[in-house]
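The values are calculated or read from the model by the stated rules, or taken from the named source; none is laboratory data. The model shown is predicted, which means the values in this text are computed figures rather than measured ones. Don't worry about glycine lacking a Cβ; one is built from the backbone with ideal geometry, like all the others, and counts go over all protein chains shown.
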Amino acid sequence: MHVLEAGLHKFLYLELDPEFVANIAQQAGFEHKVDNQPRVLSLDVSAPERQAPLLLFDAADPGNLGWFSRCQFYVDGRNGAVLQTPLSLANQRDRAGRVLQQGVRIQIAKELPGTFRMPGRQPVTEQVVYAILFNLMNALLNTGVGVCGNGVVKPLAGRTEHSGQRN
């Protein structure tokens, strides 16, 4: 990790190892494709042999209350940010534009503000990001990840159809 200073601004630059990230995805049980770019590391993960969709659910739907009480990660449905992490999540789509039930794209930001802190005010390091990535992938397979709000990220599991207006 490098600390970059530009005038009054301080930035953290994570030096993520694409091979290590690919190994994390493989250990979690996903097929993967890594794309290392200058500012982000993108990871397309899928579980094609999985019979059920990945556990990405609508956190606001009362029918998904059981998932909501168990989840460890929440995704902002409007922009895909995994809350309190340098990760973002997006749906994968097929050629016809339909959301794929067994795959998502995860991006890890390499450039962060110097004041960025993980939950518990923990400083950001590559090892912490790797651990959070592994935990997020396990949550997608086992415990669930909640989508908060409507927007670009669509839920894959639980009650995904809405009836009537929501408050």
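Couple of notes before you dig in:
- Of all residues in segment 123-143, exactly one satisfies the criterion of being small (Gly, Ala, Ser) and either at positive phi or touching a strand residue (DSSP E or B) at 6+ places or on another chain (Cβ under 8 Å) (or both), namely ALA139.
- Leading residue by the ranking (surrounded by the fewest Cβ atoms within 10 Å (Cβ to Cβ)) among those in segment 5-17 that are aliphatic (A, V, I, L, M) and under 20 Å from GLN107 (Cβ atoms): LEU14
- Residue in segment 24-42 that is surrounded by 12 or more Cβ atoms within 10 Å (Cβ to Cβ), in contact with a Lys or Arg (Cβ under 8 Å, 6 or more places away or on another chain) and under 16 Å from LEU136 (Cα atoms) present: yes
Conditions (1) farther than 21 Å from HIS32 by Cβ; (2) modelled with pLDDT of 90 or more, marked per residue:
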{"site": "PHE68", "(1), (2)": "yes, no"}
{"site": "VAL75", "(1), (2)": "no, yes"}
{"site": "GLY80", "(1), (2)": "no, yes"}
{"site": "GLY120", "(1), (2)": "yes, no"}
{"site": "GLU126", "(1), (2)": "no, yes"}
{"site": "ALA131", "(1), (2)": "no, yes"}
{"site": "LEU140", "(1), (2)": "no, yes"}
{"site": "ALA157", "(1), (2)": "no, no"}
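- One residue from GLN37, GLN26 being closer than 22 Å to VAL145 by Cα and at pLDDT 90 or above: GLN26
- PRO113 vs. criteria more than 25 Å from GLN51 (Cα to Cα), loosely packed, with under 15 Cβ neighbours inside 10 Å and modelled with pLDDT of 90 or more: yes
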